[in-house]
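These notes concern the structure reproduced below.
The values are calculated or read from the model by the stated rules, or taken from the named source; none is laboratory data. Keep in mind that this is a model prediction, so the values were computed, not measured. Note that we place each Cβ from the backbone using ideal geometry, even for glycine, and neighbour counts take in every protein chain shown.
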Amino acid sequence: MSKHSIFHRGVRFFFNKKNLLITNSVTSGICMAVGDLVQQEFEYQTKVLPQRYDWGRAGRMFSVGVAMGPLHHVYYIQLDKILPKADLKTVVKKILCDQALASPLTILCFFYAMGGLEQKTMLEITSEVRKKFLYAYTGDCMYWPPIQFFNFYFLPTRYRVLYINVATMVFNIFLSFVKHYDQRLE
């Protein structure tokens, strides 16, 4: 069997409608962990971290990404059912829904899930959210609207979560920064 044939079979498997939930969940976790590892490398190179990688931290990011994958999967399917068109007016509505609903909820899920995995109390997590949410949401509002325009205007539903996962990998560098460095936000 040729490499070309194996590649196409793999693509067909992962993008088959019945396997999209798995694909979206796993790629979400991988992209979140890779984004964190990039941030950790930057922190190491700038002498913020004493050792190159905190694999526990990357593992927590992976776990949260995998857990959030199904939420994104369902969200984009439902959003396309509610707003099925890909015209300019509908795309703007989708971006507004994304920024008003999905973004704040995703940020909250991220901080509460990470805090839980770090064994913080609800009070500690809530305190962290109060301190960092505005930074994370402001960055979100600057980054995601153009990313989502391309997503909603040009991509079919089945490729949306994968595209968002890759874009999230870039955003997660920023999110990891906000999450892990209190002294820089005070």
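Would you mention how many residues in segment 70-97 are over 18 Å from Asp140 (Cα atoms), in contact (Cβ under 8 Å) with a residue 24 or more places away in the chain and not aliphatic (A, V, I, L, M)? Matching residues across segment 70-97 total 4.
For segment 136-168, what are the residues that are over 16 Å from Asn24 (Cβ atoms) and loosely packed, with under 14 Cβ neighbours inside 10 Å? Residues satisfying the conditions are Thr138, Cys141, Met142, Pro146, Phe150, Phe154.
Kindly indicate whether Ser127 is at pLDDT 90 or above, more than 13 Å from the chain's Cα centre (by Cα) and not aliphatic (A, V, I, L, M). So Ser127 passes the test.
Please state which one of Ile95, Ile77, Ile107 is β-branched (Val, Ile, Thr) and at pLDDT below 95. Steps first, please.
Numbers: Ile95 fails: at pLDDT below 95; Ile107 fails: at pLDDT below 95.
Just a single option satisfies the conditions, and that option is Ile77.
From the list Phe171, Phe133, the lone residue that is in contact (Cβ under 8 Å) with a residue 24 or more places away in the chain and over 21 Å from Val26 (Cβ atoms) is Phe133. For Ala86, the conditions (1) modelled with pLDDT under 95; (2) within 24 Å of Thr157 (Cα to Cα); (3) buried (at least 17 other Cβ atoms within 10 Å of the Cβ) are fulfilled apart from (3).
In summary, Met114 fulfils each of the numbered conditions (1) within 17 Å of Arg158 (Cβ to Cβ); (2) under 17 Å from the mean Cα position of the chain (by Cα) with the single exception of condition (1).
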